[in-house]
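The block underneath contains the structure these notes are about, expressed in structure tokens.
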Number of protein chains: 2
Amino acid sequence: MSEMVLEAVYKEFFPFWEKISARDRDVICQNSHCVTYPKGKNIHDGSECSGVILVRSGSLRLYLMSDEGKDITLYRLHKGDMCMLSASCVIKAITFDVFIDAEEDSTCCVIGGPAFAAVSERNPEVRIFALETAVNRFSDVMWVMQQILFMSMDKRLAIFLYDESVRTGSDMIALTHGQIARYMGSAREVVSRMLKYFASEGIVEVSRGGVTILDREGLRRLTL
Amino acid sequence: MSEMVLEAVYKEFFPFWEKISARDRDVICQNSHCVTYPKGKNIHDGSECSGVILVRSGSLRLYLMSDEGKDITLYRLHKGDMCMLSASCVIKAITFDVFIDAEEDSTCCVIGGPAFAAVSERNPEVRIFALETAVNRFSDVMWVMQQILFMSMDKRLAIFLYDESVRTGSDMIALTHGQIARYMGSAREVVSRMLKYFASEGIVEVSRGGVTILDREGLRRLTL
């Protein structure tokens, strides 16, 4: 991608873009690369500072993973979203490791961590932007945590299916029970059992390809 | 507390103190009050902006609470620690509610949220300090989340007992099983069962007053 196109992208997504010097804008552009990750690709495994990631298309999934390979979704990033948790060298206070996968073919611009850190050292507004982006995600993660810890499984599954159908604009959720369980940080057996219950209530229909919502209003009531 | 004493306290704990104007220092001091909360007192229940809390002595416990009253400890604040999560009017990105209780008699200085927000609007270094304080806690919370989601109960309990004995400088943990369970976000029955197992291994002794560590090295091995 040419530097002019990159400038236009950053101008759109970074509120600080016009407030920093032409030299600093240059530092960011020259330390950027844009790349398309194929669906399923692991982009970041927490072991190093992968840089600041800006999603231009597609979607990324951030998750935690245990030593035994159990994973739990924290949140997803879509077009225009920015990831600071992949840049632990920019925000020193972030001492935990997350994993990031491309959930679909996803085009991203990645800014090298040290370059972004240097610019943020010189420009308080960049530092504030980076920290605010991180704190916003703090709120998302707390929401997930409360769901997992406190909420009953039927409600959680209903919310997941409802949100997913809103997000994709379709009543058909093309995910296996195992995939749904993984997104929810639950077990496949638990999800299958609950889907069977939803199906018996006429709320969804379960097929080989996924889950189809039959009674949208009924599902919505379960989310309340 | 006189304004001069307050100035000295803030000078010690706020890295930005000397960088902001005398007028802004005044705004903070004039909107502060220092108070001693008795042990067990609920200080913040998430419903409003209680302000920025600086702990001068004692300790505070931050936790999440479900509608059904189930609670889970996020972290504790000790002398010199600062709480930004109680000041949602300062950091707008924080949209979740936490509860805060005094765990012992605790003396705190509380700065009114709107006053601190006004000063942070005018001073990027104050804003950065507030955000960094919040992001630091993000890392703590992720740690708790990983423990709860991924770690086996024996390891979690061993870590809790070990940390607690280091913190208090004593081999005697003066907490009931119910209290330990609450700190760990677990059930009393689970903690009691596991303590019984630890006792059968000669690692701890369980008495009416709490838990005494007998085999420090054995306990430490369980934390690995």
Whichever residue in region A:3-54 is at positive phi and open to solvent by 10 Å² or more (accessible area, probe 1.4 Å) and, among such residues, is modelled with the highest pLDDT = A:G40
Out of region B:191-224, which residues are basic (K, R) and under 14 Å from B:M172 (Cα atoms)?
-> B:R208, B:R216
Checklist (1) within 22 Å of B:N42 (Cα to Cα); (2) open to solvent by 40 Å² or more (accessible area, probe 1.4 Å) applied to B:R122, failing item = (1)
Where a residue in region A:174-193 is among the hydrophobic types (A, V, I, L, M, F, W, C) and its partner, wherever it lies, is loosely packed, with under 14 Cβ neighbours inside 10 Å and part of a loop (DSSP other than H, G, I, E, B), with Cβ under 8 Å and at least six apart | A:A174/A:G209
Output the number of the condition that A:A134 fails; it satisfies all remaining conditions of (1) open to solvent by less than 10 Å² (accessible area, probe 1.4 Å); (2) touching a Lys or Arg at 6+ places or on another chain (Cβ under 9 Å); (3) under 30 Å from A:I53 (Cα atoms).
-> (2)
Among the candidates A:R25, A:R61, A:R56, single out the residue that is more than 21 Å from the chain's Cα centre (by Cα) and away from chain B (no Cβ under 14 Å).
-> A:R25
Quick one: which strands (runs of 3 or more DSSP E) sit completely within region B:41-119 and have at least 2 residues that are under 20 Å from B:F129 (Cα atoms)?
-> B:52-57, B:71-77, B:106-111
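Yes/no matrix, rows are residues, columns are (1) among the charged types (D, E, K, R); (2) open to solvent by 30 Å² or more (accessible area, probe 1.4 Å); (3) within 13 Å of another protein chain (Cβ to nearest Cβ):
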residue: B:V141; (1), (2), (3): no, no, yes
residue: B:K155; (1), (2), (3): yes, yes, yes
residue: B:V166; (1), (2), (3): no, yes, no
residue: B:L175; (1), (2), (3): no, no, no
residue: B:S186; (1), (2), (3): no, yes, yes
residue: B:V190; (1), (2), (3): no, yes, no
Could you check, for region B:82-100, whether at least one of its residues is more than 10 Å from chain A (Cβ to nearest Cβ), in contact with a His (Cβ under 8 Å, 6 or more places away or on another chain) and among the polar types (S, T, N, Q)?
-> yes
Does B:Y75 count as within 14 Å of another protein chain (Cβ to nearest Cβ), touching a residue at least 60 places away in the same chain (Cβ under 8 Å) and in contact with an Asp or Glu (Cβ under 6 Å, 6 or more places away or on another chain)?
-> yes
Subset of region B:118-139 (residues that are more than 9 Å from chain A (Cβ to nearest Cβ) and not hydrophobic (A, V, I, L, M, F, W, C)) = B:S120, B:E121, B:R122, B:N123
Would you check if B:E104 is within 13 Å of chain A (Cβ to nearest Cβ) and at negative phi?
-> no
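The values are calculated or read from the model by the stated rules, or taken from the named source; none is laboratory data. Fair warning: this is a prediction, and the values are worked out from it, not measured in the lab. Ideal geometry is used to build each Cβ from the backbone, glycine not excepted, and the neighbour counts take in all protein chains shown. The protein model used for the area step is the full one, side chains on, heavy atoms only, and it has no ligands, DNA or RNA in it. Shrake-Rupley method; radii C 1.70, N 1.55, O 1.52, S 1.80 Å.
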